[in-house]
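Let me begin by presenting the structure, written as structure tokens, before commenting on it.
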Ligand SMILES: [Zn+2]
């Protein structure tokens, strides 16, 4: 049984499962969110652990993809996480 990974729509949080591990999957969301980057679920969980004081002032307005970049910059997500 190959492992599977969950990917989350950054807009509506719709989830899809794929049997490969990449940072994000580009696909058209079935909930009319358009052509989007679905982000791997465990990356999104790490994004949540960026400490409050390290979050930029506009954190609430950032989309999930941007938050992944912040998490990378803060070292919460590391390069191996992206593989
Ligand atoms: Zn969606």
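Each reported figure results from applying straightforward, stated rules to the coordinates on display, with no laboratory input. These numbers were taken from a predicted model, which means no experiment stands behind them. Cβ sites come from the backbone with ideal geometry, for glycine too, and all protein chains shown count toward neighbours.
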Anything in the stretch 44-58 that is surrounded by 13 or more Cβ atoms within 10 Å (Cβ to Cβ), in a helix (DSSP H, G or I) and more than 13 Å from the chain's Cα centre (by Cα)? List them, or say none. 54
Reported set for the stretch 1-24 where residues are in contact (Cβ under 8 Å) with a residue 12 or more places away in the chain and within 12 Å of the ligand (Cβ to nearest atom) is 7, 8, 9, 10, 11, 12, 14, 15, 16
